[in-house]
Amino acid sequence: MPQSKIKIVVTDDHNLFRQSVAMALKMDPAFELVGQAENGMELLNILNLKEVDVVLLDLEMPIMNGWKTLEHLKKDYAYIRVVIVSMHFEELMIKELVRAGARGFIPKNSDFETLLSAIHEVYNSGYFFDKKISKTVVSDLVSNNNIAPVFKLVDLDERELEVLLHICNDKLSKEIAEFMRISERTLERIKAGLFRKTETQTNAGLVLYAIKNKLINLKA
């Protein structure tokens with residue numbers, strides 16, 4: 001039985017950005033674009049009429065901004081995964097947004113491939129934090145039970161674990177391959193296995209997996 005499509009609404013007052021994202025979503029068979037909204041009020045009107053899984057939400061919008069919109073979503077639509085798409089993410093802001101109900105965080109200047117992968121990850125594991133967001137912040141959120149990403153613990157072999165730790169230390173693929181004395185093609189094959197086993201699609205997803213399962217120690 002085919003998996004149902006992920007139903008999404010894009011909420012942003014910048015027409016060009018919103019329409020570009022909408023176009024990218026329409027091209028991916030895994031997604032169903034349910035609607036577009038220029039502000040929180042328009043979004044709530046859509047949610048009153050249609051079933052939605054994921055909302056892409058800008059923070060700075062007229063009429064009803066992202067913060068006020070989150071209040072309504074947390075109260076009446078807590079099952080919806082909200083991904084904040086913004087240019088600025090500060091530590092305190094991230095923690096406040098998580099408390100307000102946000103599940104994902106991605107910069108506006110991300111490429112479409114990262115955005116689409118982020119939607120998959122927030123839908124499947126519950127959360128997504130872009131690699132530009134401090135791993136210490138994410139670790140604190142997990143440790144304090146502010147977030148509870150859902151990952152099944154899988155067995156990783158020695159090379160997979162080594163690659164994962166290098167990724168968590170922000171090493172580039174070329175650096176990892178040289179350090180491990182393997183080809184970049186072999187490295188990509190190992191990474192593909194990591195993505196498959198952990199059911200993630202991005203390096204940021206792998207980092208969240210490692211933090212959740214205590215495979216890295218950011219306090220040291």
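The values are calculated or read from the model by the stated rules, or taken from the named source; none is laboratory data. These numbers come from a predicted model, not from an experiment. Positions of Cβ are generated from backbone atoms using ideal geometry, with glycine treated the same way; all protein chains shown enter the neighbour counts. For accessibility, only protein heavy atoms count, side chains too; no ligands or nucleic acids. Shrake-Rupley method; radii C 1.70, N 1.55, O 1.52, S 1.80 Å.
Which one is nearest to Ser125 (Cα to Cα), of the residues in region 179-216 that are touching a Pro at 6+ places or on another chain (Cβ under 9 Å) and of a type in the set (A, V, I, L, M)?
It comes out as Leu208.
Against the condition in contact with a strand residue (DSSP E or B) (Cβ under 9 Å, 6 or more places away or on another chain), of a type outside the set (Phe, Trp, Tyr), farther than 18 Å from Leu25 by Cα and loosely packed, with under 15 Cβ neighbours inside 10 Å, how does Lys152 come out, does it pass? Before the answer, list the steps.
On the way: in contact with a strand residue (DSSP E or B) (Cβ under 9 Å, 6 or more places away or on another chain): no; of a type outside the set (Phe, Trp, Tyr): yes; farther than 18 Å from Leu25 by Cα: yes; loosely packed, with under 15 Cβ neighbours inside 10 Å: yes.
No; evaluated as a whole, the condition is false for this residue.
If you take the residues in region 121-137 that are in a helix (DSSP H, G or I), at pLDDT below 90 and open to solvent by 10 Å² or more (accessible area, probe 1.4 Å), which one is farthest from Val85 (Cα to Cα)?
Quick first cut of region 121-137, residues in a helix (DSSP H, G or I) only: 121-124, 135-137.
Checking which are at pLDDT below 90 leaves us with 124, 135-137.
Pick out the ones that are also open to solvent by 10 Å² or more (accessible area, probe 1.4 Å) and you get 124, 135-136.
Details: Asn124: 18, Lys135: 18, Thr136: 21 Å.
Of everything passing the filter in region 121-137, Thr136 is farthest from Val85 (Cα to Cα).
Could you tell me whether any residue of region 25-34 is in contact with an Asp or Glu (Cβ under 7 Å, 6 or more places away or on another chain), within 15 Å of Gly104 (Cβ to Cβ) and modelled with pLDDT of 90 or more? If you could, list the steps in order and put the result at the bottom.
Initial filter on region 25-34 (in contact with an Asp or Glu (Cβ under 7 Å, 6 or more places away or on another chain)): none.
Looking for residues that are in contact with an Asp or Glu (Cβ under 7 Å, 6 or more places away or on another chain), within 15 Å of Gly104 (Cβ to Cβ) and modelled with pLDDT of 90 or more, one finds none in region 25-34, hence no.
For region 28-49, check the following and say yes or no: at least one residue is more than 21 Å from Glu121 (Cβ to Cβ), of a type in the set (D, E, K, R) and more than 19 Å from the chain's Cα centre (by Cα).
Taking region 28-49 first, the residues more than 21 Å from Glu121 (Cβ to Cβ) are 35-49.
Now narrow it down to the ones that are of a type in the set (D, E, K, R): 38, 42.
Adding the requirement that they be more than 19 Å from the chain's Cα centre (by Cα) leaves 38, 42.
Yes, there is a match, as at least one residue in region 28-49 is more than 21 Å from Glu121 (Cβ to Cβ), of a type in the set (D, E, K, R) and more than 19 Å from the chain's Cα centre (by Cα).
For region 93-104, state whether one or more residues are open to solvent by 30 Å² or more (accessible area, probe 1.4 Å) and not in a helix (DSSP H, G or I). Spell out how you get there, then give the answer.
Step one: of region 93-104, the residues open to solvent by 30 Å² or more (accessible area, probe 1.4 Å) are 93, 95-96, 99, 103.
Narrowing further to those that are not in a helix (DSSP H, G or I): 103.
Checking region 93-104: at least one residue is open to solvent by 30 Å² or more (accessible area, probe 1.4 Å) and not in a helix (DSSP H, G or I).
What about Val9, is it under 23 Å from Lys132 (Cβ atoms) and modelled with pLDDT of 95 or more? Please lay out each step first, then the result.
Numbers: under 23 Å from Lys132 (Cβ atoms): no; modelled with pLDDT of 95 or more: yes.
No; evaluated as a whole, the condition is false for this residue.
Checking the condition at pLDDT 90 or above and closer than 21 Å to Val137 by Cβ, which residue from Leu194, Leu165 passes?
On the way: Leu194 fails: closer than 21 Å to Val137 by Cβ.
The unique qualifying residue is Leu165.
Please state which of the following conditions Tyr79 fails to meet, knowing it meets all the rest: (1) at pLDDT 90 or above; (2) buried (at least 19 other Cβ atoms within 10 Å of the Cβ).
(2)
So that you can scan it fast, the table gives a plain yes or no per residue for (1) of a type in the set (Val, Ile, Thr); (2) in contact (Cβ under 8 Å) with a residue 40 or more places away in the chain:
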position	(1), (2)
Val9	yes, yes
Gln19	no, no
Leu25	no, yes
Asp53	no, yes
